[in-house]
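Reading through the structure tokens given below for one structure.
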Amino acid sequence: MEKTRWGIAGAGKIAHRFAEGLMHVKGAQPAAVASRSLEKARAFAAQYGFEKSCGSYEEMALDSSIDIVYVATPHTMHMRDVLMFLGAGRAVVCEKPLAVNAREAEAMIKKAREKNVFFMEGMWTRFFPAIKKSLEWIKQGRIGTPKMLHASFGYDREEKNAWRYNRSMAGGALLDVGIYPLALAFAVFGADPNKSSAFARVENGIDMCNAFTLAYEDGAIAVLSSAIALALDNRAVVSGSKGSVIIGEGDWWHPSRAALLVDGEEQEVFEEPFPTWGFQYEAEAVQRCMLQGLKEAPEMPLDETLKIAQMLDKLRADFGVAYEEDEL
Ligand SMILES: NC(=O)c1ccc[n+]([C@@H]2O[C@H](COP(=O)([O-])OP(=O)(O)OC[C@H]3O[C@@H](n4cnc5c(N)ncnc54)[C@H](OP(=O)(O)O)[C@@H]3O)[C@@H](O)[C@H]2O)c1
């Protein structure tokens, strides 16, 4: 079995969940973890069995024994961190949103192509078997022509002082969670909507909740919403001329289940329970790409990531949220 040596940059919340997933991927070697604090890196390494702890991201970038780095820092750090790892010749999976805006995303993609290494935005939703099955049903025409998608992602947390509520850290609902329903719409209807509209409740310069719609040439419409200070119903339903697909049972973004409802037929259910949060599906797919020598993942190509970033810019402009990075 060929092995892939993984490094993790930033030992925060999602890095823990990713590391748990990595433990379930055959051939994935937990090689190194980098944190701004060596003590934190050591504790993380001990918890998941990483070989090496680095007290800076720079130290891990220089370690040529690492095949691929998972970047799990806040949005505003992504460009700096990704350019450093790509520059050092490492393959990279960077958490969503890849960048604060399309200008940054473009620079990162350009660098990856120059260095000819694997690069991907960590859109983990794309890799869940229940989401893949849903997209397959739709592609096969099982619900006729897909005409509408309704999807939301909204939560309310107590810790409103976290960076995701801070404008200077590119906080706000759209970049934090609205990107998921947006990426789902692109997967269902394609990456080229011809119209969009967006509204948001903006507080302290960031969107606390938002609603946006995308309209496509053929008449298909996606009705999407997200929030970081309001729990939403968190369902995703694709309706077509002959039936519908329901992704998950709430919290659709990491589903173990999908249901196909076709008019006049018995409901078909796909179920694949999994341990932990499910990051193993994304990590497994990335590892497969690496071993095959691919530079992009077919599930989340870089040109599509750039289109997502461009649409995020447009939606933010529509509801009047701008970050310092937009002014450069
Ligand atoms: N795929 C998903 O489901 C999912 C879920 C949540 C978040 N995310 C994405 O993952 C990224 C990280 O989110 P998170 O929730 O894990 O955040 P978090 O818990 O705050 O962790 C981020 C880590 O980044 C490092 N960091 C570097 N510079 C920092 C700075 N100036 N301020 C704060 N932390 C800094 C810190 O690690 P060290 O102290 O170890 O250096 C910190 O622990 C975000 O881009 C987010 O959108 C993805």
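Values as computed for the structure displayed
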quantity	calculated
Within the range 159-180, tally of residues that are closer than 15 Å to Leu315 by Cβ and in a helix (DSSP H, G or I)	8
Neighbours by Cβ (under 7 Å, 6+ apart or cross-chain): first from the range 34-48, among the hydrophobic types (A, V, I, L, M, F, W, C); second near the ligand (Cβ under 10 Å from one of its atoms) and part of a helix (DSSP H, G or I)	Ala34/Ala41; Ala34/Tyr57
Unmet requirement for Gly7, which otherwise passes all of (1) more than 10 Å from the ligand (Cβ to nearest atom); (2) touching a Gly at 6+ places or on another chain (Cβ under 9 Å)	(2)
Among (1) within 28 Å of Phe119 (Cβ to Cβ); (2) surrounded by fewer than 18 Cβ atoms within 10 Å (Cβ to Cβ); (3) polar (S, T, N, Q), the one test that Ser256 misses	(1)
Matching residues, the range 259-303, being open to solvent by less than 60 Å² (accessible area, probe 1.4 Å) and of a type in the set (Phe, Trp, Tyr)	Phe270, Phe274, Phe279, Tyr281
Flag if Glu58 is within 14 Å of the ligand (Cβ to nearest atom) and surrounded by fewer than 23 Cβ atoms within 10 Å (Cβ to Cβ)	yes
Every residue from the range 38-49 that is open to solvent by 70 Å² or more (accessible area, probe 1.4 Å) and near the ligand (Cβ under 7 Å from one of its atoms)	Lys40
Test: residue in the range 19-37 that is open to solvent by 10 Å² or more (accessible area, probe 1.4 Å), in the same structural domain as Cys94 (by TED's automatic domain parsing), within 12 Å of the ligand (Cβ to nearest atom) and more than 22 Å from the chain's Cα centre (by Cα)	yes
Residue match in the range 142-154 (condition: within 11 Å of the ligand (Cβ to nearest atom) and open to solvent by 10 Å² or more (accessible area, probe 1.4 Å))	yes
The lone exception for Gly7 - which of (1) in contact with a strand residue (DSSP E or B) (Cβ under 8 Å, 6 or more places away or on another chain); (2) outside any strand (DSSP E or B) it fails	(2)
Complete set of residues in the range 204-240 that are out of contact with any helix residue (DSSP H, G or I) (no Cβ under 9 Å at 6 or more places or on another chain) and not hydrophobic (A, V, I, L, M, F, W, C)	Thr213, Glu217, Gly219, Asp233, Asn234, Arg235, Ser239
Some residue of the range 309-322 being open to solvent by 70 Å² or more (accessible area, probe 1.4 Å), charged (D, E, K, R), closer than 30 Å to Arg167 by Cβ and modelled with pLDDT of 95 or more	yes
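The values are calculated or read from the model by the stated rules, or taken from the named source; none is laboratory data. None of these values were measured; they are calculated from a predicted model. Note: ideal-geometry Cβ built from the backbone for every residue, glycine included; neighbour counts use all protein chains shown. When the accessible area is computed, the model is the full protein with side chains, heavy atoms only, and any ligands, DNA or RNA have been set aside. Shrake-Rupley method; radii C 1.70, N 1.55, O 1.52, S 1.80 Å.
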